[in-house]
1. For labels at I139 and W107 in the simple 7 Å Cα→Cβ model, what's the distance in nm?
2. Around D137, with a cut-off of 13 angstrom between Cβ atoms, what is the net charge of the other residues, counting Lys and Arg +1 and Asp and Glu -1?
3. With N denoting the number of residues in segment 63-150, provide Rg(C-alpha) divided by 2.2 N^0.38 Å, to two decimal places.
4. Could you give me the ³J(HN,Hα) list for segment 141-148, computed from phi with Karplus coefficients 6.51, -1.76, 1.60 and θ = phi - 60°, whole Hz, x at Gly and Pro?
5. Fewest first, what order do T72, T125 take by the number of other Cβ atoms within 10 Å?
6. What distance in nm separates the two pseudo spin-label positions at K129 and S76, each 7 Å out from Cα along the beta-carbon direction?
7. Taking H placed 1.01 Å from N in the peptide plane, check which residues at least 5 places from D73 or on another chain put their amide H under 5 Å from its amide H.
Amino acid sequence: MIFIKGKHIVEKDYHFLDPVGQSDMCATCSTGCKTSCSRKLAKEVGNEVSYIIDEPEKKQNSISRLYDVIITDVDSIPCDLRNQKLQYDEDGKRIDGEIVTPWNMDWIYDVISDYLSKDEHFSGTKSVKLNNPEEEDQIIVCDVVSYVQKR
């Protein structure tokens, strides 16, 4: 068997089928590889001429589950966060979006990330309430939209 750019070239009188291992055929083989090949007489499968079998192309599609988190309501927080949107990956890592607030509220990123790292809903929208761990009365209500993206 001759390998050229991902193709098996099947010579006249041979056909790519079952491995036959090293044998006397290797001694007279024109390729000079001297390793196992998969040659059988083409006549055994009804072919009289050479032909080429393409190697199957390996397509790698990456499918990722992503989350869009939209803040829909707040309680005991003195600023309006409604309609602010963040995007997270399936591991709960923020990949897009930034909360706009007059002061630091990083706890929001942390509680969302923690929730998503444990979430298992595959698609659709789920409404969740999340609390500030340091001040339990501070609550954000979010729509968590889970979806799959093919890349």
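Bear in mind these aren't lab numbers, they're just calculated from the coordinates by the rules spelled out. What you see is a predicted model; the values in this text were computed from it and never measured. Virtual Cβ from ideal backbone geometry, glycine too; neighbours counted across all protein chains shown.
1. Reported label-point gap for I139 and W107 is 1.4 nm.
2. Neighbour charge sum, excluding D137 itself: -3.
3. Working it through for segment 63-150, the quotient is 1.03.
4. Values, residue by residue: 10, 10, 8, 9, 9, 9, 8, 10 Hz.
5. T125, T72
6. With each label placed 7 Å out from Cα toward Cβ, I get 1.1 nm.
7. V141
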